[in-house]
1. Tell me which of these residue A:249 doesn't satisfy, since it passes every other one: (1) out of contact with any strand residue (DSSP E or B) (no Cβ under 7 Å at 6 or more places or on another chain); (2) modelled with pLDDT of 95 or more.
2. What number goes with the only condition from (1) more than 16 Å from the ligand (Cβ to nearest atom); (2) more than 28 Å from residue A:595 (Cβ to Cβ) that residue A:239 does not pass?
3. State which residue is farthest from residue A:579 (Cα to Cα) when the search covers only region A:455-480 and only residues that are open to solvent by 40 Å² or more (accessible area, probe 1.4 Å) and in a helix (DSSP H, G or I).
4. Which of the residues that make up region A:307-331 are within 28 Å of residue A:515 (Cα to Cα) and of a type in the set (Ser, Thr, Tyr)?
5. Look at region B:92-119 and say how many of its residues are more than 9 Å from chain A (Cβ to nearest Cβ) and free of Cβ contacts under 8 Å to residues at least 40 places away in the same chain.
6. May I ask you to list the residues in region A:276-292 that are within 18 Å of residue A:318 (Cα to Cα) and more than 9 Å from the ligand (Cβ to nearest atom)?
7. Would you mind listing the strands (runs of 3 or more DSSP E) fully within region A:324-411 where at least 2 residues are farther than 27 Å from residue A:550 by Cβ and open to solvent by 20 Å² or more (accessible area, probe 1.4 Å)?
Amino acid sequence: MPPRGISAPSMGISPSLPKASPLVGPPPLSVGTTTPAVSPVSQINSSSVRPPPTSVGFQLHSRPTSYVRPPQSPLGTSVSSTSYSSGISPSIQSAHPQMSFQNSPGGPPTGVMLPNSSTFNPPVSVGPPPTSKHSSSSSLSGNYSPYVTQQQPLSQTNVHQVSRQFGGMSVTKDGWNKGWGTATCDLLQQKCVVPPHGVEPLSPVLAQEYLPNCSPDLFRCTLTKIPETQSVLQKSRMPFGILIHPFKDLEHLAVVSCNTIVRCRSCRTYINPFVVFKGDRRWECNLCFRVNEIPDEFLFDPLSRTYGDPSRRPEVREATIEFIAPQEYMLRPPQPAAYVYVLDVSRQAVETGYLKIVCETLLAYLDKIPGDRRTLIGFITYSATIQFYLMGEGLKNVQLIEVGEINDMFVPSPEDLLVNLDESRSLVEDLLDSLPETHANTVHTQTALGAALTAAYKLISPIGGRITVMSVTLPTLGPGALKPREDPNQRSAKDISHLGPATDFYKKFALDCSGQQIAVDLFTLNSQYIDLATLSGMSKFSGGCIYHFPGFHSERNSPSVLPFRSCFIRYLTRKIGFEAVMRIRATRGLAITNFHGNFFVRSTDLLSLPNVNPDSGFGMQVNLEEPLHNIRQACFQAALLYTSRERRIRVHTLCLPVTPNIHEVLNGGDQQAIVGLLAKMAVDKCLSAQMSDAREALVNACCDALSAYKASLSSYSGLPAPPTLQMMPLYILGLLKSVALRHGLSTKLDDRVFAMCELKSLPLCHLIQTIYPDLYPIHNLSEKGAINIEDMVVPQPGRLHLSAEYIDRNGAYLLDAGCVIYVYIRGGISPQWVNDVIGVPSFAAIPQPLYEESLPFVDNATSELARNFVVYLQKNKPFPVPVQIIREDNPSRVLFINYLVDDRSEGARSYVEFLQFVKSQVK
Amino acid sequence: MDTFSQSEIIPRSCKMLGAIAVVALLETTDRGRKSGRDMSQEIIAFDELKTDYKNPIDQCNSLNPLVLPEYGLHLLFNLLFLLSGEWFSLCLNLPLIAYHINRYRTRPVMSGPGLYDPTSIMNHDTLNQCQREGWIKLAFYLLAFFYYLYGIEYLLVLVILFLCKYFVFAPKLLPTVSLTK
Ligand SMILES: [Zn+2]
C-alpha cells in the first residue's frame, strides 16, 4: 500500500479522510517571512469596495452591430493624431518593423506627435529622424515611453497636410511597405492568402528585445499589442484573450530547486524575466508593481557558483521555468500515481473487440505507465451489473466479485481492488490476459455506467488519481441512465437541439471527483448514439480528456483499430501531472473573465485540474478593467502546480507591449489566436443560445475586426486587411464549415459534440489544423528547399488553398487535417509516380481503402521523400494518425471533398462569396 | 377616522400582509449575514466568489435552497393581492413573477432545486448578471415595502393607537400621531 498517512497526520490532514483535505489550496506563505503578506480578509475588503466593472469586454454578439468610425478629423485631437502620428516614430521603425510608417517621399520628414502628450516634457528639438540611432537611446530613457523619441508641435495646417498625404499615399507607399511585409492587402484582390510555408506564430515585439519571452507555442495572446484603454480595445473590435498550452512536452526546460521560491509579497507572482531590479537587493513586481526584497539565496549563481548579480539566475533568464516545490507547497505528501480503468463489457462492447485491444496494449505498456514504485492500479467492468477484481497481495488468483445492487453501490474490500502495480504485477497481468475471455459470452445489453463510476470514485477517492472510462453503449440502467435523444432527421438542421446535457448526474460526479483530485477520461467507441453531450460532463469538469472513435469495430471496421490503438498508447505513456492547479495572474488592470477548457474554475483566477496532460490547451478571455496608463508592458503569468512523483511548479510568463494606438493594436492581432478564442466562444454560444446565433456571431466578429481596420485607414476601397489578419475570413469560413458548427451536411450529434469538445480543449496549433487543414501537392516533391531533420531529408511543398481550383487533374495531394491524413490521387497522375510511391503499376491498381501510419515502403528516392514528409507531419502530432489513400473514382472521396473549405458546399458560401458578404457588412 | 370603512379593511389588511411578507424577506436579510440565507446574502455571496473567498460549489449549495422559498413567498402575497382585488399592486409585481418563472425555466440542467450552477457561476458574465439581479431585486423589494407601508398607513395608525393604550409612555405619543393625521 502507499505510505498513507505516514507524514500526513503531522500536517493535520490525513489522505484517508477525504472530507478533511482541502486539496491544494493557494500556496501558503513562504517560511521565514517577517512581515505577513496581505491577509485574505483585507484583500477581500479592499476589492469588495470596488464597484463592479460595467463593461464586459468583447462578446460574441449575434446581432449586427453598427460600427462607429473614430473621428477622422485631421486636426490635433488626440484620437486622430494617434491614429497615424505615433507611427512616424523612428523607434517604431526599428523595434516594430511591421508597424512603420514612412513619410511621403515628396514631403519633408516631419517630427513626432505624441498621443498622450501630457506625460511628456515640452517640445524638444525637431529633427528628421534617422533610422536606428534614436531607437536605442529612446528605449533606454526612463521617463519616456519606449515608442517615442521626440515631440514636435505641429501646426494645424501641418497636420492637415500630413494626414492628406497619408490618405493619398497608399499607392506610393505600397512598394515600401511590401518590403517590410506590412502591406495592407485588399482581400478581394489578393486571391491567395495562405502562406506557402504556413502561418508563422506571431510573437510580441518588446522594446527590450533581449528579454526572453514565452514561446508562442505555449502561450499566446490574441493581441500582440495590448491597448492602453478600454475605448481603444472596443474600437479595435477584436476579442481579447490568451491561449495556453501549459503542460506541453518540452525539449528544453530549466528546472530550479531552491529553498525559497522568490515571489511577490503582495500578489504572489513568481519572479520572472520582466521584473525590474531596483538596486542590488530589491525588485519591482511587474504585475502589481510592489517593490520586494531579494533573498540572499537568489544572489547565488548556480552556474558560476558565485554571489552577486541576480540577473544571472535562471528564473530571470527563462520565461518558462519549473520549480521543485518545497514543503510549504504541499498539503499532503505527493500522491502516488493511481489509475482505475472502468471498462464496458456489455454484449455490443465485447463484440467490437475493443476489450482485447485495451488489454493487450495495457499489458504491453505496463512498464511505461508514468509512476513509481507506489503506483496503484485497479479495474472495474460494467454491464447490467458491476464486476470487481480482487488482486490483493495475499491472493493466488484474481477473484471476480459481481455486484448487482446498482442503485446503492458499495465497494467490497477496496484495498484488494486498487493494488500496488509492483507487488501485484503477476495478478494484474493474469487479469489482463483473461479479461476478454471472461466476458466473451456475456448476454447483457444494458449498462449501468453511473453505478460503475460511483464505485470507481469510492475506490480511488482517498488518494486521487485518474479514472479511465471506456464506453460503447448508452447507459440505460441505474443512476445516470440516459435515453436516446437524437432525431436523425435533424442532423443537418440550422439549429441543433440536445447539445447540452440531459441530466446533471455526470457533472455532479465530475465535481465530486474534482474535489478529491480525480480526473475522469472518457473514451467512446460507439456506433449508436451514446449521448456524448451528457457523458462528456464527467471529463469536462474534472480536468479529463475525451476521445471519440465512432463506429469502432476491430473486424468490420478494421481501419478504426489503428487510430484507437495509437491514441491509447500515447494516452498510457504520456506525462501526467496529478493534483494540479493552475493560476493565471495578469498585470493590474487586466482581469480574466471567462475560461475555456476542461477543468473546474475554483475562483476568479484558479483552475482546478485534478490531472494535467500534455495534450490539452486552455483559453481565457481577458477584460481591461482599468486603463494601463504609464505601463509599458503588460504581463500574464500562468503557474501550474502539479505532482509527478514530486511536487513541481511550472511557470510561464508572457509579456506584451502596451500601446495607445489603435492602428498598432489592429496590426498586432494574432489571427490564429483570435480564431482559436472565437471558436471556443462560439461553442459556448451554441450551448447558451442557438447554433445559428453562434454562426452569425462568428461572421460578425470577422466583419467587426475588418471594419475597425478599414475605419482606421483614411481611405481605402475594397476589403482591406492587415497582414496579420489576412487569413481571418478564411479561418472563420473553415469554422463555419467545421464538423462542430456546420449545417446542411448531415452530422451525427455525437460527432458534433465531440468536435465542440475539441474546439474547447485542443492546443492552438492542432486546433487551427482542424479548422483549416493543410493541403500539399505531393506529385512533384523535390529536395529543393527541403529541410534536414535527424538525417532525414524532408521536402517542403507549399501549402495550397483548400479549393478544387488548385487540385490539378494530374496530381496527387496530401491533406493533413490533424486527426487524419488523406492522400488524394487524381486520375491523370503519371503511372511513374504511382509506381514509385504506391508501388503498384497504375492508377487503377491502387488498393482501396489503404490505411497506414505512413506511405508504403518502396525503395526509391521519390518514395523516400514522400515517406519522410509523412513521418515529419506525424512527428508534430501527439500520436500517429492514419494515412488514407483515396482514389479520385472512389466514393470515399467525399471525405476529402468535404474539407475543401474554399468551395461552395451544401448550405454554405464559398470563400469568394463569403468575402463579398463580409465586404457588404464592412462599412 | 370616519373614512376608514369596512370595505377597505380587507384590501388594506392584505397589503399589510404583503408588507409583513416583505418585512419577513428583509428580516431574513439581516440574519442572512450570519447564517448564509437570502437576498442580500446572495449579493454578498457573489461578491465573495469574485474575491476568491469561497468555493463556488459550497456557495451554490448554500444559495440554491433559498431560491424557491423566495419565489414562493413572493407568489404568496401576490395571491393575497389577487384575492383582495389589489390590481395595482399586483400589476407592479407581475413583471417580477414573469421574470422568476422565465428565470427558473431557463436554469441550467440540475437535478435539485435552485438556479446556480457551480461550473458556470464563475463566468464573468454570469456572475455579474447574478449580482446585478440581486441588487435590483433588493431595491425592488425595498421600494415595494415602502409602498405597501404607505398603503396600510391608516391601518397602521389604527394599530398604533390600539397599541398605545397598553403602553405607559403611549399617552405622550398619542397627540402627535393624531396631529399628523
Ligand atoms: Zn506583485
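The values are calculated or read from the model by the stated rules, or taken from the named source; none is laboratory data. Fair warning: this is a prediction, and the values are worked out from it, not measured in the lab. Every residue, glycine as well, gets a Cβ built from its backbone with ideal geometry; the counts of neighbours run over all protein chains shown. When the accessible area is computed, the model is the full protein with side chains, heavy atoms only, and any ligands, DNA or RNA have been set aside. Shrake-Rupley method; radii C 1.70, N 1.55, O 1.52, S 1.80 Å.
1. (2)
2. Result: residue A:239 fails condition (2) only.
3. Top of the filtered list is A:458.
4. Within region A:307-331, A:329 is the sole residue that qualifies.
5. 13
6. Matches in region A:276-292: A:276, A:277, A:283.
7. Per the criteria, A:399-403.
Residue-wise test of (1) part of a helix (DSSP H, G or I); (2) small (Gly, Ala, Ser).
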residue: A:638; (1), (2): no, yes
residue: A:650; (1), (2): no, no
residue: A:654; (1), (2): no, no
residue: A:677; (1), (2): yes, no
residue: A:685; (1), (2): yes, no
residue: A:701; (1), (2): yes, yes
residue: A:709; (1), (2): yes, no
